[in-house]
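To start, the structure under review is shown below, and the notes come after it.
The values are calculated or read from the model by the stated rules, or taken from the named source; none is laboratory data. Just so it is clear, the model here is predicted, and its values are computed rather than measured. Side chains are part of the model used for accessible areas, which takes the heavy atoms of the whole protein and leaves out ligands, DNA and RNA. Shrake-Rupley method; radii C 1.70, N 1.55, O 1.52, S 1.80 Å.
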Amino acid sequence: MRLLIVSNRLPVTVKKGNGGFLMGKSAGGLVSGLNDFLASLKVSSAEPREYLWIGWPGISIDKKYRKALRQKFQNDYNA
């Protein structure tokens, strides 16, 4: 099974700070409601299950940082 989540926001919000980027959990019902379900997909032994979350990180990202942040989102948040 593969789940595709398309929403206005990602499960984390990016903020600029201290010469880099800070990430924090996004506020809102969708993120809160899906967190436990998505965590259960990772530990399910019934069949391989994947999800991908598509959305906006909360700020515009300069082109020179996009590749690195995209990789971090993919690795850490399936986003």
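Largest GNM mean-square fluctuation across 22, 38, 52, computed for the chain with C-alpha springs under 10 Å, falls on 22. For the range 64-79, 3J(HN,Hα) computed residue by residue from phi via the Karplus equation (6.51, -1.76, 1.60; θ = phi - 60°) reads 5, 9, 4, 4, 5, 5, 4, 5, 5, 4, 5, 5, 8, 10, 6, 10 Hz, glycine and proline entered as x.
Send over the semi-axes of the chain's equivalent ellipsoid, whole angstrom and largest first, taken as the square roots of 5 times the C-alpha gyration tensor eigenvalues.
Working: eigenvalues 122, 38, 23 Å².
Calculated on Cα positions only, the semi-axes equal 25, 14, 11 Å.
Share of carbon and sulfur in the accessible area of the chain stands at 52%, probe radius 1.4 Å.
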